[in-house]
1. Against the condition more than 9 Å from the ligand (Cβ to nearest atom), assigned to a strand (DSSP E or B) and buried (at least 18 other Cβ atoms within 10 Å of the Cβ), how does LEU283 come out, does it pass?
2. Any residue in the stretch 64-82 that is among the aliphatic types (A, V, I, L, M) sitting within a Cβ distance under 7 Å of a residue that is near the ligand (Cβ under 8 Å from one of its atoms) and open to solvent by 40 Å² or more (accessible area, probe 1.4 Å)? List the pairs, counting only those 6 or more apart or interchain.
3. Residue check, ARG392 against (1) in the same structural domain as ASP21 (by TED's automatic domain parsing); (2) more than 12 Å from the ligand (Cβ to nearest atom); (3) modelled with pLDDT of 95 or more; (4) of a type outside the set (Val, Ile, Thr), all met but one. Which one?
4. For the stretch 247-277, which residues satisfy the criterion of being of a type in the set (Val, Ile, Thr) and either farther than 15 Å from THR57 by Cβ or in contact with a Leu (Cβ under 7 Å, 6 or more places away or on another chain) (or both)?
5. Taking only pairs six or more apart or across chains, which ones have beta-carbon atoms under 6 Å, a first residue in the stretch 101-112 that is farther than 18 Å from VAL404 by Cβ, and a second residue that is in a helix (DSSP H, G or I)?
6. Given the residues GLY420, GLY401, GLY364, which is the only one that is open to solvent by 20 Å² or more (accessible area, probe 1.4 Å), under 27 Å from LEU150 (Cα atoms) and in the same structural domain as TYR56 (by TED's automatic domain parsing)?
7. Given the criteria within 16 Å of the ligand (Cβ to nearest atom), in contact with a strand residue (DSSP E or B) (Cβ under 7 Å, 6 or more places away or on another chain), over 15 Å from TYR314 (Cα atoms) and among the polar types (S, T, N, Q), does THR143 qualify?
Amino acid sequence: MSARSRVPTAASAAAGAALADASPSVFWLDDPDRPEPLPPLSGRQHADLVVVGGGYTGLWTALRSVERYPDASVMVLEAGRCGNEASGRNGGFAAASLTHGFGNGLARWPDELDTLDRLGAQNLADLAADVDRYGIDCHLEATGALDVALAPWQVEELAEYADELTARGHQVQLLSGEQTRKRVDSPTYLGGLYDAAGTVMVEPARLAWGLRRACLERGVVIHEGTRVTAVADERGRPVVHTVSRDGVAAAVRADRVALATNAFRPLLRRLRLMTVPVYDHVLVTEPLSEAQLASIGWSGREGIGDVANQFHYYRLTRDNRILWGGYDAVYHYGSRIDRSLEQSASTHATLAEHFLETFPQLQGIRFTHRWGGVIDTCTRFSAFFGTARHGRVGYALGYTGLGVAATRFGADVMLDLLHGETTERTELEMVRSTPLPFPPEPARALGINLTRWSLARADRNQGRRNSWLRTLDRFGLGFDS
Ligand SMILES: Cc1cc2nc3c(=O)[nH]c(=O)nc-3n(C[C@H](O)[C@H](O)[C@H](O)COP(=O)(O)OP(=O)(O)OC[C@H]3O[C@@H](n4cnc5c(N)ncnc54)[C@H](O)[C@@H]3O)c2cc1C
């Protein structure tokens, strides 16, 4: 974002005023329809499949299991409340891409990208059908996504990107600056790319809660407030050990275990270096008045993202607020995760400044919510899968910042692997290969922060990548949110 490297003090003051009353809480979870917590696990139990984690990955895995193997009993164990973490606090862009975007897929798996695209499109259609079939009220809107260019080098990148997408059969519209501003009126837009089919918008927490309800209706047992402390092996069968929020220990013996713990401390040693937790921060405004909405257009309600390395994503909510997130992707030394890290005065202030620069006609608007959440970044930005303990413990993680829809696909992959089934999914190179690990500390923090610094620099420098980024590119490594 070259134009944003120096922000005048007046802009900082305006951002501060806009943020003054913002509640440090997640807009999507601040909902009277939020379900009551379910009781923790107690005693010693048995289930055919135990799923650890009640975000999208865990809930899709449980739901797909009862759909695919109706005779198998399923239990979900969630440390907090289902949908409380990334799945309940994200931007709600449900993208068809299984590879953290077409560009990443093209760079890594060019030979199977057509298959990945087809499977991803089918997965998104199946997600929409599930939302319909289970009556999930998550305001799914098939409005598509608009990528916007804010600098001349980004206009060129978008044009190249459009060519690559079109060559692979995607129907996208490349837009001039004027055409883009006709859709959504920001003086910062120099061009755009509209993809009608590749993304639908959802209300993230309501999607998670709807999946939770669908699971319960189909006989899945869910225990919340139940942290899994270890997955042990007893005579060749996994035993999942837990502790409740009140400190009461319990256990469940399982035939199979699906690990859906995302950015949180992995329960398998082999996964410890595979992902890093990266904090992504978000703001939500008060509802826009009709006049405010008219001043920016946006009648198509597209999900919008700019194409800088440090990018913003934004969208309208059901009641016409603007959700505005992204830009800084913050890593804390030692892969630290802590509720206190969800609030970052400096990142929220930066986001607010960029918001007002993008939509100067909304000067005076107030933000009502500010929050952050952790993303499970891996070095290839797209999920990886596998099993341990003689195939009885499966895992799917590493979605980085694009897991709303891809987790549904990941759930099916995890079930394929746990049941030893060979499917089109399990034959994919993307599924069979694993990313390179991150190094241990202190090299990890050094490498990540050098990469972040280099990406910010590239944004200020017409997209030109320095030698560090070019070296990472050569090895297929990276850092993204
Ligand atoms: C701010 C933000 C914005 C995002 N925006 C988008 C977007 O617009 N589009 C998109 O596609 N993706 C987005 N993402 C990413 C997306 O939200 C995630 O990829 C997705 O929600 C991952 O789902 P999950 O179930 O794997 O993880 P989570 O939702 O994090 O769920 C993991 C669950 O496991 C539980 N858990 C962990 N360890 C244990 C344990 N030991 N015992 C019991 N339970 C445990 C946790 O409490 C948690 O509930 C965003 C993420 C964030 C944080």
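1. Here the answer is yes, as LEU283 does meet what is asked.
2. ALA79/ARG227
3. All conditions pass for ARG392, except number (1).
4. VAL248, VAL252, THR261, THR275, VAL276 - these are the residues of the stretch 247-277 that are of a type in the set (Val, Ile, Thr) and either farther than 15 Å from THR57 by Cβ or in contact with a Leu (Cβ under 7 Å, 6 or more places away or on another chain) (or both).
5. LEU106/LEU113; TRP109/GLU429; TRP109/MET430; GLU112/GLU429
6. Exactly one residue qualifies, and that residue is GLY401.
7. Criteria not met by THR143.
Residue-by-condition table, conditions (1) more than 26 Å from ASN262 (Cα to Cα); (2) part of a strand (DSSP E or B); (3) aliphatic (A, V, I, L, M):
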{"residue": "ASP319", "(1), (2), (3)": "yes, no, no"}
{"residue": "TRP324", "(1), (2), (3)": "no, yes, no"}
{"residue": "ALA329", "(1), (2), (3)": "no, yes, yes"}
{"residue": "ILE337", "(1), (2), (3)": "no, no, yes"}
{"residue": "LEU341", "(1), (2), (3)": "no, no, yes"}
{"residue": "THR350", "(1), (2), (3)": "yes, no, no"}
{"residue": "GLU353", "(1), (2), (3)": "yes, no, no"}
{"residue": "LEU356", "(1), (2), (3)": "yes, no, yes"}
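The values are calculated or read from the model by the stated rules, or taken from the named source; none is laboratory data. Computed from a prediction, not measured in an experiment: that's the story for all the values here. Note: ideal-geometry Cβ built from the backbone for every residue, glycine included; neighbour counts use all protein chains shown. For the accessible areas, the whole protein counts, side chains as well, though only heavy atoms, and no ligand, DNA or RNA atoms are used. Shrake-Rupley method; radii C 1.70, N 1.55, O 1.52, S 1.80 Å.
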